[in-house]
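To start, the structure under review is shown below, and the notes come after it.
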Amino acid sequence: MFYLAVLLVLLLLVFLFFRYKNGQDLLKKKEELLSQWGKPRDVARNFNLISAYHFAKYHDENTSLSDTIAADIDLENLFEYADRCNSSLGQQYLYHQLRSPQEVNALQQLDELSEQFGSNEDLRLATSLVLSKLGHKNAYYIYELFTSSYQSLYSKGLSLYVRMAGILWIASLVLTLVLRNQFCFLAVLGLTLFNFYIHYGNKKKISRYVYSLPQLYTLVNSAKSLLKLSATPKAAMVQQSLSNLKPLQSSLSYVNFQNNVDRDPTDISAGILELIKTLLLIEPLMFLISVDRINQQRQHIEVLFNYVAEIDLAISIQSLREGLPYYCKPQLIANGQELEVLELYHPLIEDCVPNSIKASTTQGVLVTGSNMSGKTTFIRAIAINTLLAQTLYTSCSHYYAAPFMQLFTSVRNNDDLEEHKSYFKAEAMAMLHIINNSQTLQSHNLIIIDEIFKGTNTIERVAGAKAILSYLNAHQNFTFVSTHDLELAELLGEEYAVYSFEEAVSDTRLVFDYKIKPGLLKNKNAIAILSALGFPPEIVANANQISNALRQKYQL
């Protein structure tokens, strides 16, 4: 009786300790969520896992951003800045969203959801706490439950043994302790070794599935909690999916204790839990019980995935907006012929100087300027803000109005020695891709080209660039091109509006204001720098003479 009382007291103390610890962890998590609101998160990200959902489901769609465009606009850096998600599912959904421009109605619905959390801090905090339960790395594998069909890995005999293994091992252990019989001990030893063999022999084959099953249990419970916190237009559909998943949830409930495994590698409980799973063959048993039900319920698992991930995305968008210097919601004008932005800036550049511009499908935009003057940053900012407007319904500007546009870019073209591809050939292939693909789509196109044809001689560069830019303009595209070739401005005439980024000379330095100005570059600062650096006067005079002659020749 005494020992029983001692055991009960110990159990009570353990219960109180874990309750206190959970309370402290919850308080710490709330403080963390409040302090992170409106700020980028400096955390390690595995883009192979984050992008897996997108590439499994949507990468073949025509409207999805290509890898080339993603690299041109630094999509991964943009994702890291925009990612304020609390769950692994939310991160995957955000990545997919950034690579897949949406319909206007879908964007407006997402915006309404975001506004709910922006205006109600208590709701946002409670929702974020629920979502954070799906922040485990294993939650990245949930998408596989509805994108892949699983087959049993065991024969009928081995399947029967896996189902009975736990009972057999415990029974043998009890008999050994009670009877103190060496044959029972050998049976326990044999079963232990065999269970270790099955557990680790098949662990790699079912590892991803085993990773996701405990997270699926959490997903179901999280969806239930989120439905209680706020109503959404998708509530009825989610409720129906939850009802259909009840049999599956009951088969998963006994593995819920695994959810906290691996969170703290130094925790001895993780090692103890791994031993228990091995001795009782819990992971193979979990696979056997659930695999058939998973295959039957894939559609309903996807409904819950999208529901939870979209809520996390909505909160992340609102946090992004709160952290921006300023932003606006875009006006996406059906069949519009003009693009207008006011005080637009690049979100990834600290203290970026804003600029405004108006463009149309009847006249392209040619941007000139020296290196580091801001022209490349500006045209990239146009591309990034177009993408943000069409994916997150957010523009880093005071005003953004444009039709829905398909994005094409040619910014980073490199030599490919293995394929014997020259820089010019790489540029030419990029331009051909834009020409061929931009004319097959029904929507408007935004074409961003940085330093067109810089991989060949001046005459052929200018000639080829003029021909291509005239063609793109004739086909009603929104075309933004940066160039050093001032001759293009004269050759293109009224086809392209010309803008410049200029700089001033201060001592031996160039001073940039990063403001776009209409017209051609007027300053002759490169030669002024030669003079300021102390080049011989005859060199400076000769350079000025040649420069003046060329400007007169090309009417610059």
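For region 364-381, enumerate the residues that are in contact with an Asp or Glu (Cβ under 9 Å, 6 or more places away or on another chain) and either among the aromatic types (Phe, Trp, Tyr) or within 15 Å of Asp74 (Cβ to Cβ) (or both).
Those that are in contact with an Asp or Glu (Cβ under 9 Å, 6 or more places away or on another chain) and either among the aromatic types (Phe, Trp, Tyr) or within 15 Å of Asp74 (Cβ to Cβ) (or both): Thr376, Ile379, Arg380.
Let's see how each residue does on (1) free of Cβ contacts under 8 Å to residues at least 60 places away in the same chain; (2) in the same structural domain as Thr278 (by TED's automatic domain parsing):
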{"residue": "Leu134", "(1), (2)": "no, no"}
{"residue": "Gln182", "(1), (2)": "yes, yes"}
{"residue": "Phe185", "(1), (2)": "yes, yes"}
{"residue": "Asn195", "(1), (2)": "no, yes"}
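Out of Ala334, Ala314, I need the residue that is over 30 Å from Pro518 (Cα atoms) and of a type in the set (Gly, Ala, Ser). Which one?
That would be Ala314, the only listed residue that is over 30 Å from Pro518 (Cα atoms) and of a type in the set (Gly, Ala, Ser).
Assess whether Phe501 counts as being part of a strand (DSSP E or B), in contact with a helix residue (DSSP H, G or I) (Cβ under 8 Å, 6 or more places away or on another chain) and at pLDDT 80 or above.
When the stated conditions are applied, Phe501 passes them.
Can you say whether Gln102 is at pLDDT below 95 and surrounded by fewer than 16 Cβ atoms within 10 Å (Cβ to Cβ), as far as the supplied structure shows?
Judged against the criteria, Gln102 is not a match.
Pick from region 277-317 the residues that are of a type in the set (Phe, Trp, Tyr) and at pLDDT 95 or above: which of them is nearest to Glu121 (Cα to Cα)?
Tyr307
From the set of residues in region 451-461 that are over 32 Å from the mean Cα position of the chain (by Cα), surrounded by fewer than 20 Cβ atoms within 10 Å (Cβ to Cβ) and not hydroxyl-bearing (Ser, Thr, Tyr), which is modelled with the lowest pLDDT?
Gly455
Condition (residue is under 23 Å from the mean Cα position of the chain (by Cα), under 24 Å from Pro214 (Cβ atoms) and aromatic (Phe, Trp, Tyr)) applied to region 300-312: is it met by at least one residue?
yes
The values are calculated or read from the model by the stated rules, or taken from the named source; none is laboratory data. The structure presented is a predicted model; accordingly, all values stated were derived computationally and were not measured. Neighbour counts run over all protein chains shown; Cβ positions are idealised from the backbone, glycine included.
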